[in-house]
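J.: Can you keep this structure in mind? I'll have questions shortly.
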Amino acid sequence: MSLTIQSHGRVGAEVLGVDLSQPLNEAQFAEIRSAFAEHGVIFFRDQSISEQDHIAFARRWGQININRFFTPHAAYPEIAMVVKEKHHRDNIGGGWHTDHSYDAEPALGSILVARELPPTGGATAFASMYKAYDGLPQRLRDQLEGRNAVHSARHVFGSKAYPAESGQDTRGERIGNSAAADVLDDVVHPVILTHPLSGKKAIYVNPGFTLHIQGIDAERSKELLAEVYEHVTSEDFIEDFHWRDGSIAFWDNRATWHYAYNDYAGHRREMHRITIEGEALG
Ligand code: SIN
């Protein structure tokens, strides 16, 4: 079966003509790998894959990261459950972020499989950090090049993020191990990275996990990050992915941000996520 890669334009590409329930041959894998490096996120439609197929596909890309904070699948700990029950108010990932920037060697990416979808809503937005970098005004680029930023997950997964007594924030039913998050060390990454697969430059700060830019005062860092975030979330670099049964998205954390819409109150959404280990960034 021959593959076709259909660019989405602003961010990502659809991979057509592949059945992920079957092992990929070397030529297919090489083509998908190059689309992944080029576009930052790739989408597959009309797939019917088991949990074992999901794990086998993920292993082609590297070692699986067993998530420390998400509830694991009951039978397959490699799979992190991204679930919003009918009674839940909050969703997981409902703000712009890139996964694992709080790790010294941030994860390469995540493969998200739709398992149960609400009747409407529940899309995921993606933003291209390649395109956002290319579109940076020179004035901003000059202020960011050569700088590093500090990242953490303490404020997201730590005990202060989900105070049990509040009874309001039901993400706590799905996120655990806050004691481990409380003692996480800060990590430092370049604000502009050179992507390890594509060699392209990309913005690598995000509203979810970046605390501040090093070497400038706190107020200036806040202003500069706000400017970058406003730039990234302009229409030019983002696109919504509308899930259907059989849809799969595989994003690169070093080249994209994502955001899960929370617009389906009273309905259940279940997604299975496998994250693949990455490497130190430069
Ligand atoms: C995530 O942020 O990993 C979840 C994205 C989604 O559920 O659409």
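The values are calculated or read from the model by the stated rules, or taken from the named source; none is laboratory data. Please read these numbers as outputs of a predicted model, since none were measured by experiment. Positions of Cβ are generated from backbone atoms using ideal geometry, with glycine treated the same way; all protein chains shown enter the neighbour counts. Side chains are part of the model used for accessible areas, which takes the heavy atoms of the whole protein and leaves out ligands, DNA and RNA. Shrake-Rupley method; radii C 1.70, N 1.55, O 1.52, S 1.80 Å.
J.: For segment 87-94, check the following and say yes or no: at least one residue is of a type outside the set (A, V, I, L, M), more than 16 Å from the ligand (Cβ to nearest atom) and at pLDDT below 95.
T.: The initial filter retains those residues of segment 87-94 that are of a type outside the set (A, V, I, L, M), namely 87-91, 93-94.
Those left that are additionally more than 16 Å from the ligand (Cβ to nearest atom): 87.
Adding the requirement that they be at pLDDT below 95 leaves 87.
Yes, segment 87-94 has at least one match.
J.: Do we have R268 as touching a strand residue (DSSP E or B) at 6+ places or on another chain (Cβ under 9 Å), crowded, with 17+ Cβ neighbours inside 10 Å and in contact (Cβ under 8 Å) with a residue 60 or more places away in the chain here?
T.: Working: touching a strand residue (DSSP E or B) at 6+ places or on another chain (Cβ under 9 Å): yes; crowded, with 17+ Cβ neighbours inside 10 Å: no; in contact (Cβ under 8 Å) with a residue 60 or more places away in the chain: yes.
The answer is no for R268.
J.: Next question. Counting only residues that are open to solvent by less than 30 Å² (accessible area, probe 1.4 Å), within 14 Å of T124 (Cα to Cα) and outside any strand (DSSP E or B), how many does segment 73-94 have?
T.: Total satisfying the criteria: 3.
J.: Further question on the same structure: If I go through segment 39-67 residue by residue, how many of them are in contact with a Phe, Trp or Tyr (Cβ under 9 Å, 6 or more places away or on another chain) and surrounded by fewer than 15 Cβ atoms within 10 Å (Cβ to Cβ)?
T.: 2
Each row is one residue, and each column tells you yes or no for (1) within 16 Å of the ligand (Cβ to nearest atom); (2) part of a loop (DSSP other than H, G, I, E, B); (3) of a type outside the set (G, A, S).
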{"position": "R220", "(1), (2), (3)": "no, no, yes"}
{"position": "E239", "(1), (2), (3)": "yes, no, yes"}
{"position": "G246", "(1), (2), (3)": "yes, yes, no"}
{"position": "R254", "(1), (2), (3)": "yes, yes, yes"}
{"position": "W257", "(1), (2), (3)": "yes, no, yes"}
{"position": "M271", "(1), (2), (3)": "yes, no, yes"}
{"position": "A280", "(1), (2), (3)": "no, yes, no"}
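J.: Output the residue which, of all residues in segment 95-110 that are more than 12 Å from the ligand (Cβ to nearest atom) and either more than 15 Å from the chain's Cα centre (by Cα) or hydrophobic (A, V, I, L, M, F, W, C) (or both), is surrounded by the fewest Cβ atoms within 10 Å (Cβ to Cβ).
T.: Ranking the qualifying residues of segment 95-110, first place goes to A104.
J.: A follow-up question, please. Considering segment 99-147 alone, what residues qualify as being among the β-branched types (V, I, T) and out of contact with any helix residue (DSSP H, G or I) (no Cβ under 8 Å at 6 or more places or on another chain)? Working first, answer last.
T.: Going through segment 99-147, the residues among the β-branched types (V, I, T) turn out to be 111, 113, 120, 124.
Result: T120, T124.
J.: Also, I was wondering about something else. All but one of (1) within 30 Å of A226 (Cβ to Cβ); (2) without any contact (Cβ under 8 Å) to a residue 24 or more places away in the chain; (3) among the hydrophobic types (A, V, I, L, M, F, W, C) hold for V41, so report the exception by its number.
T.: All conditions are met except number (2).
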